[in-house]
Amino acid sequence: MIEEQKITDTFIGHQQELDIFNQWLASTDSAKPWILFFHDALSDPEKKGGVGKTWLLRRCAVAAHRQRPDIAIVMVDFFNATDRDGVTVAQRIVESLKLVYPAWTPSAFQESLAAYLESISQQEPYINATEVTDRGSLRIDANDLLAPLYDAFVRDLESLDRELADQHTHLLVLFDTYELIEQNPVIAVLNAAHAFPHTYNFTHIAAVIAGRNAPDWQHRNWEGREREVRCIPVHPFNFDEMVQFINNNGTFANVHSSLSTEKAQALYARTEGRPILVGLVTDMLNHRIMHLDELIATPSKDFERFLVTHINHIEEPLNWAILFMAHTYHRFNPALLDWILTHLTADKKFILDVDIQALAERLLELSFVRRASTGDNITLHDEMRRLVNTYNWSAQEIFPEQYRADISRIVVAYYEKELASPLNKPLQQIYTIEMIYHKLFVDINDGFTFAAQCFNEAIGFWQSAYARAIFQELQKFSATFSEEQRWRMLHGEASLLRREENNVRALEFYQRLEEQADEHFLAQRHANIQFEKGKCYQQISAFDQAISCFRDSYELEIQQQNYSRAAFILNTLGLISRKLGKMSEAEKYCSESMALNKQIKNRRNYANALNTMGNLYRLQGKMDEALQYITVALQIRRELYSKGLTSEVGIGQCLSSAGLVYLMMGDFTLAQQYAEAAFNVYERNKYLTGIAAIYNRFGQLDIGRMQLTQALEWFKRGYRASLGVSAEEEINSLNKQGRVFILLDQVEKALPFFEQAIRRSQEVEDVYQRLESLIDLAAAQHRLANKQAMRRNLELAEQAAKAFGYHDLSGVIEKMYGEECYRLHQYQLAFQHFALYCYHMAHFNSLEYEATIRYTIDKLLELSTDQIATVKEELETYWKTLELEDSVSSLLIKSLRRTDLLLDI
């Protein structure tokens with residue numbers, strides 16, 4: 001437990017904030033915000049920090065324990081690089097809950113955690129982007145390794161949640177120093193598909209966050225979450241609180257008589273009530289370094305510098321230890337202090353016969369030093385670190401950064417010694433992150449090379465939290481980097497943002513890189529930059545831009561004889577063309593990919609292309625060809641798996657593809673068998689994305705059998721399995737639940753599912769699925785006679801479908817418009833819409849095109865003979881204005897002329 005007595009005794013002020021916290025924690029109102037957010041009230045960035053947020057957070061923890069002895073309290077401080085990782089946060093939550101509820105057994109999480117740690121310790125990094133993006137074919141990336149851990153964590157928490165019958169909070173997580181992760185907070189969540197903080201479906205959770213800045217409601221992490229959060233601005237001490245603090249903590253002689261009202265007012269004007277400065281004033285007076293009159297005689301503009309520089313006058317070696325803490329930054333404990341004092345070659349006169357443990361205890365007597373939340377580390381307040389490094393070191397060094405460079409060399413040696421001993425992977429990463437800072441300080445170029453190597457390995461493992469932590473260390477030295485190093489930083493962050501699934505921001509960074517870097521730098525990396533941009537555009541469904549980037553990258557990869565990457569790009573272009581319904585283009589790309597993979601004897605990627613081609617033939621209605629290609633891909637993948645050259649997940653994907661073929665053929669028996677076989681592979685490999693997809697597939701099969709209640713249960717399971725694992729399957733399951741309610745004629749119940757699917761699609765920038773659900777929502781609104789809402793949503797969908805080139809969705813929209821006009825007997829307008837329906841499906845695929853023609857002719861034949869003659873003539877005239885190829889256009893014309901058989905009678 002936190003040092004309760006010390007916190008209670010020294011805590012001054014912030015009573016209003018503490019009262020808000022106590023009332024919030026005691027409330028059982030299910031509608032209350034589950035997040036409290038403490039932030040600096042001051043707007044000046046130079047004066048933010050040091051207002052007492054950390055002490056307030058710790059006082060909240062003490063108050064929570066007193067109010068609810070059975071509450072599990074977790075302290076997370078993002079100042080520590082260790083704490084900026086979702087796995088670490090999850091471990092802390094489990095450990096704290098276990099202390100309070102010893103009968104609870106989180107066995108699923110513990111087993112999954114052990115498997116996760118074992119996997120990342122054995123895994124080799126991906127060599128290049130071809131392998132990175134070829135997910136599920138060779139090995140599962142770190143994001144997929146986290147998926148079973150997330151699932152196990154949620155299941156264990158849900159089992160505890162069910163046992164807690166009341167509405168009280170049973171888990172309180174307090175996050176400090178949020179400003180260090182505020183740009184990319186999802187690194188502290190187990191899965192980037194969810195925002196920070198995340199409930200993990202545990203209804204008895206509450207979170208308190210302390211950071212310098214209020215939430216940015218425009219940031220993707222906070223967008224639309226205003227109701228989840230209550231923001232509390234934290235002010236510096238008022239005058240009375242400052243006086244109380246000094247009186248309570250001052251040990252200097254005649255404190256009460258010396259601090260007159262007039263002097264106190266002068267002191268308040270200089271400190272502005274900032275607790276960090278008020279505390280330091282008290283320390284200076286307690287150590288008799290300065291006199292009160294000397295302090296208040298200092299002009300306000302010079303006060304901060306004057307006060308902080310006097311830390312150097314605290315008795316040795318205490319003053320040096322403070323400077324060491326300010327420079328070592330991440331980690332400071334008795335072992336490291338002893339190492340520094342033992343190895344420091346500069347002035348050694350003050351380090352003889354030092355009692356290290358006693359020195360550490362004396363440091364804790366200072367107002368700006370505290371114990372860290374974990375381990376035996378002690379921490380300098382982050383704002384005091386900035387002040388000490390700004391004002392104090394320069395007075396001690398003959399040459400700039402002379403002593404600090406020596407200390408950094410010593411600290412690097414300490415970390416190298418620690419890393420040479422057996423350590424688990426997370427601790428290796430933490431030590432590496434902490435060492436990077438000191439390597440950069442000693443030699444900016446060598447440090448950059450080392451950091452870049454570590455960063456690239458982290459990117460290769462898809463370990464985004466680790467990569468982000470490395471990048472944050474690099475950013476601290478950005479002012480000293482060369483131009484090329486700054487360009488490499490831009491490139492690195494863009495690549496990292498893509499892996500964090502922040503594709504729009506990644507593209508902004510690529511644009512900045514292309515605007516700032518010179519031609520030589522860009523020419524060396526142009527193929528990779530275009531590839532990365534293509535992946536970003538693909539993820540946000542901007543397919544035209546994706547195709548352009550991939551084509552550029554392909555040409556360059558061919559020139560550089562990187563045929564493996566080129567073949568992968570061709571397969572990706574085939575997937576995109578298939579998504580757009582450009583089947584002939586898709587077939588061309590897939591054929592070229594197969595040929596190139598065959599030429600370079602890359603059997604793994606050859607199997608990928610075969611499976612893609614099989615799915616393409618399925619969409620074209622060529623079922624025999626589809627099964628042939630998928631079966632060959634399955635055979636190759638089985639051979640590769642038997643030799644340890646691919647993961648079993650790839651086999652599951654082929655089985656799933658074959659099942660889809662049989663589903664389209666209406667053979668539900670074989671479709672079920674292949675889906676079950678795929679499910680077994682996915683379950684064996686803990687591939688949760690695949691498991692969620694198969695649950696949804698089982699739902700589709702039951703819709704085909706019209707077993708709608710059972711289908712609904714499968715989609716619910718698909719939804720639960722997809723949470724934190726696959727946004728695509730999460731949205732798919734929501735959409736399908738809505739469609740089942742439509743089939744059950746329970747239209748009102750369908751609406752929230754479509755609306756939730758739309759919101760989730762917007763969050764993850766999945767344009768296609770957003771438009772699908774928008775169209776379904778409009779159809780439901782039409783059935784409820786809400787014509788205005790229907791029209792508004794259809795217009796939104798129509799504009800977006802046109803902008804992104806989704807001919808299939810544009811066709812569906814035109815069909816809906818046509819049906820409404822047909823119902824109103826506006827036949828001329830109706831068949832213009834039906835013509836556009838045919839036009840779009842002609843651009844999508846031949847199978848759908850033929851079906852739309854049959855539909856249009858059937859609607860025409862429902863009219864009277866006189867109406868058919870008029871409409872047919874107008875339709876034929878309008879159809880010719882759409883300027884389709886003769887071979888395509890003639891199909892409708894021939895079908896229309898068959899109606900002459902009716903008119904001739």
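The values are calculated or read from the model by the stated rules, or taken from the named source; none is laboratory data. Treat the numbers as computed from the prediction; the structure is a model and nothing was measured. Here the Cβ positions follow ideal geometry from the backbone for every residue, glycine too, while neighbour counts run over all protein chains shown. Note: areas computed on protein heavy atoms with side chains; ligands, DNA, RNA excluded. Shrake-Rupley method; radii C 1.70, N 1.55, O 1.52, S 1.80 Å.
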Quiz item: Among the numbered criteria (1) out of contact with any Gly (no Cβ under 8 Å at 6 or more places or on another chain); (2) of a type in the set (D, E); (3) assigned to a helix (DSSP H, G or I); (4) surrounded by fewer than 22 Cβ atoms within 10 Å (Cβ to Cβ), which single criterion is violated by D808?
Solution: (1)
Quiz item: Is there any pair linking a residue in segment 158-183 that is on the phi > 0 side of the Ramachandran plot to one that is in a helix (DSSP H, G or I) and open to solvent by 10 Å² or more (accessible area, probe 1.4 Å), with Cβ under 7 Å and at least six apart or on different chains, and which?
Solution: T177/D382
Quiz prompt | Boolean, I576 is free of Cβ contacts under 8 Å to residues at least 12 places away in the same chain, within 30 Å of L610 (Cβ to Cβ) and not aromatic (F, W, Y) | solution = no
Quiz item: Among the listed residues N732, N786, which satisfies the condition of being in contact with a helix residue (DSSP H, G or I) (Cβ under 6 Å, 6 or more places away or on another chain) and either in the same structural domain as V504 (by the TED database) or of a type in the set (S, T, N, Q) (or both)?
Solution: N732
Practice problem: Residue by residue through segment 54-78, note down the ones that are of a type in the set (F, W, Y) and open to solvent by 10 Å² or more (accessible area, probe 1.4 Å). | Solution: W55
Self-check item: Only listed residue being touching a Pro at 6+ places or on another chain (Cβ under 9 Å), over 21 Å from A188 (Cβ atoms) and assigned by the TED database to the domain that holds T199, chosen from V94, V51, V89
Solution: V51
Quiz item: Given (1) closer than 29 Å to H843 by Cα; (2) open to solvent by less than 50 Å² (accessible area, probe 1.4 Å); (3) not acidic (D, E), where does L640 come up short, assuming only one miss?
Solution: (1)
Exercise. Could you list all residues from segment 407-422 that are open to solvent by 40 Å² or more (accessible area, probe 1.4 Å), within 32 Å of the chain's Cα centre (by Cα) and of a type in the set (A, V, I, L, M, F, W, C)?
Key: L419
Practice problem: Would you check if there is a residue in segment 87-100 being open to solvent by 40 Å² or more (accessible area, probe 1.4 Å), touching a helix residue (DSSP H, G or I) at 6+ places or on another chain (Cβ under 8 Å) and at pLDDT 80 or above? | Solution: yes
Quiz item: Going through segment 486-516 one residue at a time, which ones are among the charged types (D, E, K, R) and either crowded, with 21+ Cβ neighbours inside 10 Å or within 20 Å of Q463 (Cα to Cα) (or both)?
Solution: R488, E493, R498, R499, E500, E501, R505
Practice problem: Taking only segment 506-523 into account, find how many residues are part of a helix (DSSP H, G or I) and touching a residue at least 24 places away in the same chain (Cβ under 8 Å). | Solution: 6
Practice problem: Could you look through segment 210-230, keep only residues that are open to solvent by 20 Å² or more (accessible area, probe 1.4 Å) and touching a Pro at 6+ places or on another chain (Cβ under 7 Å), and pick out the one that is nearest to E179 (Cα to Cα)? | Solution: R230
Quiz item: Residues in segment 692-732 that are under 29 Å from E501 (Cα atoms) and not in a loop (DSSP other than H, G, I, E, B): how many?
Solution: 24
Exercise. Would you check if S577 is on the phi < 0 side of the Ramachandran plot, of a type in the set (S, T, Y) and modelled with pLDDT under 95?
Key: yes
Quiz item: Restricting the search to segment 815-834, which residues are over 14 Å from E874 (Cβ atoms) and either among the polar types (S, T, N, Q) or not in a helix (DSSP H, G or I) (or both)?
Solution: L824, H825
Exercise. State yes or no: is G614 closer than 27 Å to L596 by Cβ and not assigned by the TED database to the domain that holds H843?
Key: yes
Practice problem: Can you work out which of the residues in segment 175-194 that are of a type in the set (G, A, S) and open to solvent by 10 Å² or more (accessible area, probe 1.4 Å) is modelled with the lowest pLDDT? | Solution: A193
Quiz item: Is segment 736-744 home to any residue that is more than 30 Å from H782 (Cβ to Cβ) and either in contact with a His (Cβ under 6 Å, 6 or more places away or on another chain) or of a type outside the set (F, W, Y) (or both)?
Solution: no
